[in-house]
1. Scanning for something more than 18 Å from the chain's Cα centre (by Cα), of a type outside the set (S, T, Y), modelled with pLDDT of 90 or more and open to solvent by 60 Å² or more (accessible area, probe 1.4 Å), does region 167-187 turn up at least one residue?
2. Looking only at residues in region 71-85 that are of a type in the set (A, V, I, L, M, F, W, C) and more than 14 Å from the chain's Cα centre (by Cα), which one is least open to solvent (accessible area, probe 1.4 Å)?
3. Looking for something within 30 Å of T153 (Cα to Cα) and either surrounded by fewer than 16 Cβ atoms within 10 Å (Cβ to Cβ) or of a type outside the set (D, E, K, R) (or both) - is there at least one such residue anywhere in region 1-12?
4. Enumerate the pairs (first residue in region 37-49 and modelled with pLDDT under 95; second residue anywhere and among the hydrophobic types (A, V, I, L, M, F, W, C)) with beta-carbon separation below 6 Å, excluding pairs fewer than 6 apart on the same chain, so at least 6 apart or on different chains.
5. Give E25, E68, E88, E96 a once-over and let me know the one that is charged (D, E, K, R), open to solvent by less than 80 Å² (accessible area, probe 1.4 Å) and under 30 Å from D135 (Cα atoms).
Amino acid sequence: MLPSALTDVIEALSRLPGVGSRTAERYAYFLLKADQNVAKNIATSLERLHDGVKSCPKTFALMSDNDELSPLYDDPRRDKTTVLVVEEALDIYAIENTKSYDGTYHVLGGAISPMDGITADKLHIKELIARVEEDQVQEIIIATNPSVEGESTAVLLEKLLHEKYPELKITRLARGLPLGISLEYADQITLSSALTNRTKL
């Protein structure tokens, strides 16, 4: 019973992750009632999205279309001998927001998940191994997600890197219980990691 122009927008919005049909309806109604420029600005931004963003050929981080390499790699203030490895490009910005890391990054493009058809050869692992020699990397920091897939990917990375470069320093982000969490709400992976990485008082 709704106009097709409105139902088209609702259907399009409901395809976004985490957006159900009711949320999509609210977004569509908001856009309909708001000033037309709001919808036009969103539409313009979406039209420019794919043409204006590309992956860095070295780090696979997101960058502007007119850049040759990611500024997070090309900046001379960045320490190229340290590489922090993440699963997805957006993970980089969580690290950057801490303002406590000045090395470079490497985006794998996911984590190993045979159930989803993601095998090691579909990730940017070969490129990471090549960077160790190209940039004379001294430390690889593995920052995959604390999930079964993330853990499997981290173990494989450590194995492949040590086979090729036995002297390379490989570290992982510390894992454990976050401040303010109760034990009853912690998942098994977090608790196991907290026990393994316990510290002396």
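The values are calculated or read from the model by the stated rules, or taken from the named source; none is laboratory data. Predicted, not measured: the structure shown is a model, and the values here were computed from it. Methodologically, a virtual Cβ is constructed for each residue, glycine included, from the backbone with ideal geometry; neighbour enumeration extends over all protein chains shown. Keep in mind that these areas ignore ligands, DNA and RNA; they rest on the heavy atoms of the full protein, side chains included. Shrake-Rupley method; radii C 1.70, N 1.55, O 1.52, S 1.80 Å.
1. Checked region 167-187: at least one residue is more than 18 Å from the chain's Cα centre (by Cα), of a type outside the set (S, T, Y), modelled with pLDDT of 90 or more and open to solvent by 60 Å² or more (accessible area, probe 1.4 Å).
2. Per the stated criteria, the residue is V83.
3. no
4. A39/L31
5. E96
Here is a yes/no grid of residues against (1) among the aromatic types (F, W, Y); (2) within 19 Å of Y73 (Cα to Cα); (3) in contact (Cβ under 8 Å) with a residue 24 or more places away in the chain:
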residue	(1), (2), (3)
S113	no, no, yes
D116	no, no, no
A130	no, yes, no
I142	no, yes, yes
S147	no, no, yes
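Conditions tested, residue by residue: (1) more than 24 Å from P57 (Cβ to Cβ); (2) among the β-branched types (V, I, T); (3) open to solvent by less than 90 Å² (accessible area, probe 1.4 Å).
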position	(1), (2), (3)
K122	no, no, no
E127	no, no, yes
S147	yes, no, yes
E163	yes, no, no
